[in-house]
């Protein structure tokens, strides 16, 4: 009876530890950064399906100031879904830049001390 109880405890421990390892391995896939990357990829894909992006850039002026004004005008006068997708992709890029800066800061701060 003692041997059987020890085997059950070992099996339980093995099952629990397998679940702990699985959760630890899957944690990065469900992080906010992974969600942000997925939103960025889906938003850019959606924009590519709704708008012929190469033609938008080709039809605009080539100087920087005129190109900026043209892109603003094009954004304001496009479909609502494209505006939402562009805003989502911009927010994702900003979030990813922030997370990247925080990661680099975490790496560099111990080196300064």
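What follows is calculated from the coordinates using simple rules that are stated; it is not laboratory data. None of the values given here were measured: they were computed from a predicted structure. All Cβ positions, even for glycine, are placed from backbone atoms using ideal geometry, and neighbour counts span all protein chains on display.
Between 24, 98, 49, which gets the highest mean-square fluctuation from a Gaussian network model of the chain, Cα cutoff 10 Å? In this elastic network of the chain, the residue with the biggest mean-square fluctuation among 24, 98, 49 is 24. On a 0 to 90 degree scale, rounded to 10, what angle separates helix 2-26 from the longest Cα axis of the chain? The two axes meet at around 10 degrees.
What residue among 25, 86, 34 shows peak mean-square fluctuation when the chain is described by a Gaussian network model with Cα springs under 10 Å? Ranking 25, 86, 34 by mean-square fluctuation puts 25 first. Of the residues 37, 15, 81, the one that moves most in a GNM of the chain with alpha-carbon contacts below 10 Å is 15. When both segment 34-113 and segment 17-33 are represented by their alpha-carbon centers, they are found 29 Å apart.
Remark: relative contact order (the chain) = 34 percent; criterion is Cα-Cα distance under 8 angstrom and separation of 6 or more residues. Per residue of the chain, the DSSP helices (runs of n ≥ 4 H) give a summed -39500 (n - 2.57) that works out to -29500 deg cm²/dmol at 222 nm. Computed extension length for residue 87-residue 58: 8.2 nm, one decimal, from 0.36 nm per residue of separation with the Cα-Cα distance subtracted. Round to the nearest 10 and give me the degree value, 0 to 90, for the angle of helix 32-50's Cα axis relative to the longest principal axis of the chain. Once rounded, one gets 40 degrees. Alpha-carbon geometry of the chain: the Rg and the Dmax are 24.7, 85 Å, given in that order. For the pair residue 35 and residue 101, a Förster radius of 25 Å applied to the C-beta separation gives a FRET efficiency near 0.85, rounded to the nearest 0.05. Helix 80-112 and the longest principal axis of the C-alpha atoms of the chain enclose an angle of approximately 60°. Shown for 36, 31: other C-beta atoms within 10 Å of each C-beta, ranked fewest to most, produce the order 31, 36. Straightening the chain between residue 42 and residue 16 buys 5.8 nm, computed as 0.36 nm per residue apart minus the Cα-Cα spacing.
Extending 7 Å from Cα along the Cβ direction at residue 109 and again at residue 25 yields two label points whose distance is 3.2 nm. Counting every other Cβ atom within 10 Å of each residue's Cβ, 50, 13 order from fewest to most as 13, 50.
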